[in-house]
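Written below as structure tokens is the structure these notes are about.
Just so it is clear, none of the values below were taken in a lab; they were calculated from the coordinates. Keep in mind it's a predicted model, so treat the numbers as computed, not measured. We place every Cβ from the backbone using ideal geometry, glycine too, and count neighbours over all the protein chains shown.
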Amino acid sequence: MEVIAYLDSQEYQWEVIVVNDGSSDCTVDVSRRFAQNDARVIVVDLPHRGKGGALKEGFSMARGK
């Protein structure tokens, strides 16, 4: 992912939270491959909960300050 390469070039700590809200594309598979190699990438796979539910779940997974 270009985003991860960019973040790696920065000097601050970061994390990426990917929330899949019931999509049928390959988002989860691709994201999990990155997460297996980098603990800063978090993948949440939900049944369709809608935008509000997905945002709430993503925010609850955040470990940063």
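Helix 27-37 versus the longest principal axis of the chain: what is the Cα-based angle in degrees, 0 to 90, to the nearest 10?
For 27-37 against the chain, the angle is about 40 degrees.
Among A62, V41, S31, pick out the residue whose Cα is farthest towards the positive end of the charge dipole of segment 9-62, where Lys and Arg carry +1 and Asp and Glu carry -1 on C-beta, about the Cα centre.
Highest projection toward the positive end goes to A62.
What translational diffusion coefficient, to the nearest whole µm²/s, does the chain have by Stokes-Einstein, given a Kirkwood radius computed over alpha-carbon pairs, a temperature of 4 °C and 1.567 mPa s viscosity? If you can, show how the numbers build up before the last one.
Details: Rh = 12.6 Å.
Answer from the Stokes-Einstein relation: 103 µm²/s.
What's the magnitude of the charge dipole for the chain around its Cα centre, counting Lys and Arg as +1 and Asp and Glu as -1 at the beta-carbon? Answer in Debye, nearest 20.
Working: 8 positive and 10 negative charges, 62 e Å.
Using only the charged Cβ atoms, the result is roughly 300 debye.
Kindly provide the helix-only [θ] at 222 nm of the chain, computed as the sum of -39,500 (n - 2.57) over DSSP H runs of four or more divided by all residues, to the nearest 500 deg cm²/dmol?
Working: 3 runs with 30 residues, N = 65.
So the calculated ellipticity at 222 nm is -13500 deg cm²/dmol.
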